[in-house]
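S.K.: Here it is, the structure in full.
The values are calculated or read from the model by the stated rules, or taken from the named source; none is laboratory data. These numbers come from a predicted model, not from an experiment. Note that each Cβ is placed from the backbone with ideal geometry, even for glycine, and that neighbours are counted across all protein chains shown. Surface areas here come from the heavy atoms of the whole protein model, side chains and all, with no ligands, DNA or RNA. Shrake-Rupley method; radii C 1.70, N 1.55, O 1.52, S 1.80 Å.
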Amino acid sequence: METLYLVVQILSLLGLLCGVLMFWSTRKPPAKEGNQPLPALSIIIPARNEALRLPPLLKSLQQQSWKRFEIIVVDDGSSDHTAEVALSYGAKVLNSKQVGGMSPGKSNACAYGAQSAKGEWLLFLDADVQLADEDSLERMMNSFSKQEGKGILSIQPYHRILKCYENLSVIFNIIVLTGMNVFTVWKGKFATAGSFGPCILCDKESYISTGGHEAAEESIMDDFALSDVFLAKDLPVTNYAGRGIINMRMYEEGTKQLLEGWTKNLATASQSTHRFVMMLIQLWIFGVIMAVSATILAFLTESSVALLCGIIVYLLYGGHVYFLARRAGNFHLMMFLFYPFFVLFFTAVFLYSLYRTHVLHSVMWKGRKIKV
């Protein structure tokens, strides 16, 4: 029993080490430096039944210190007051039309919006995001100019939690950042796995030359496919974490939408993660199982020293999970003690996503059955 306990403890500590290595640090667009001239920008917002989400985003855009931009909301067949809300904030509203042979959906709406854009740079924003500060847009633009205004700059928004059930997304949010390959201790050693769909900034010239969303339309993960067509043209793709820059409220309609959303994205996105990074993620999750097992075994050994060590490792893991969670969003402190439940929920949804993706070859999203 004691030998088994020792092995389990070692495995849990190994998993903890893997967690540190896989998510070493985040990076965000640097603060403004100088007053370099910036080109005109077109902000494109694909929207389907987003009347409730649009006001915070459009209001945050009105409050930006840098204002040389146009706002284009592409109404993708909404049955609510999406268009009226957008117009009330001064946005240009387009009814989405088919581009080439594309199917209806977000990618088609983005491509159609890009056709009408007048700016030299294009910023694609999801309707559920909100700029966090009045200089957020300028910081994005300045950061993009530092990569010579070519390629893609994408940002994963900081997740704002308002309802208890939204904490179920915690492990998913950690893995979304980690799975991009660029936040490990090795930083630039691994090629980026994709881009963050809620916030993508690119130049119009590159977008047209690569085919943009039209070229990426075949994939359910348009953000990953879009970065692939840019990388195929040797154009840079840079990813940042969005804390203090851009926020997002995810799946506020309830747990059904949360399950559909993560099921749609998870299995497909994981295929782009580098195998070594994926191994670190798997060992980190396995370490959670070992940390719980070590605590249980400590009770069975009836050793006070083993029990103390088991509790310490369990709390260390909890502290680490909470530390990573706060990088991704304002998740509740309960992560610290109840993290095994959230890891179990993540694992169950991931397995279901694999089933939907590789067996049924379809997922559900906003009333649409999407073929995978």
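S.K.: Take segment 6-25 and flag every residue that is within 28 Å of the chain's Cα centre (by Cα), surrounded by fewer than 17 Cβ atoms within 10 Å (Cβ to Cβ) and either free of Cβ contacts under 8 Å to residues at least 24 places away in the same chain or not in a helix (DSSP H, G or I) (or both).
M.R.: Scanning segment 6-25 gives L17, W24, S25.
S.K.: Kindly indicate the residue of segment 68-119 that is within 19 Å of E205 (Cβ to Cβ) and of a type in the set (A, V, I, L, M) and also surrounded by the most Cβ atoms within 10 Å (Cβ to Cβ) among those meeting that condition.
M.R.: Here the answer is A111.
S.K.: Could you tell me whether segment 37-54 includes any residue that is closer than 23 Å to D222 by Cα, touching a strand residue (DSSP E or B) at 6+ places or on another chain (Cβ under 9 Å), in a loop (DSSP other than H, G, I, E, B) and open to solvent by 80 Å² or more (accessible area, probe 1.4 Å)?
M.R.: No: segment 37-54 contains no residue that is closer than 23 Å to D222 by Cα, touching a strand residue (DSSP E or B) at 6+ places or on another chain (Cβ under 9 Å), in a loop (DSSP other than H, G, I, E, B) and open to solvent by 80 Å² or more (accessible area, probe 1.4 Å).
S.K.: In segment 190-216, what residues are under 20 Å from A47 (Cα atoms) and surrounded by 24 or more Cβ atoms within 10 Å (Cβ to Cβ)?
M.R.: S195, F196, C199, I200, L201, C202, G212, H213
S.K.: I would also like to ask the following. Do we find that G34 is part of a loop (DSSP other than H, G, I, E, B), modelled with pLDDT under 90 and out of contact with any Lys or Arg (no Cβ under 6 Å at 6 or more places or on another chain) in this structure?
M.R.: Considered against the rule, which asks whether it is part of a loop (DSSP other than H, G, I, E, B), modelled with pLDDT under 90 and out of contact with any Lys or Arg (no Cβ under 6 Å at 6 or more places or on another chain), G34 comes out as yes.
S.K.: Take the conditions more than 15 Å from R27 (Cα to Cα), of a type in the set (A, V, I, L, M, F, W, C), open to solvent by 10 Å² or more (accessible area, probe 1.4 Å) and part of a loop (DSSP other than H, G, I, E, B) and apply them to I175. Does it pass?
M.R.: no
S.K.: In segment 127-168, what count of residues is obtained for those that are at positive phi and surrounded by fewer than 21 Cβ atoms within 10 Å (Cβ to Cβ)?
M.R.: The total comes to 2.
S.K.: Which residues, taken from segment 76-95, are closer than 20 Å to L41 by Cα and in contact with a helix residue (DSSP H, G or I) (Cβ under 7 Å, 6 or more places away or on another chain)?
M.R.: Once the filter is applied, which keeps residues that are closer than 20 Å to L41 by Cα and in contact with a helix residue (DSSP H, G or I) (Cβ under 7 Å, 6 or more places away or on another chain), segment 76-95 yields A86, Y89, A91, V93, L94.
S.K.: Also, quick follow-up: Considering only segment 26-66, state which residues are without any contact (Cβ under 8 Å) to a residue 24 or more places away in the chain and small (G, A, S).
M.R.: Answer for segment 26-66, where residues must be without any contact (Cβ under 8 Å) to a residue 24 or more places away in the chain and small (G, A, S): just G34.
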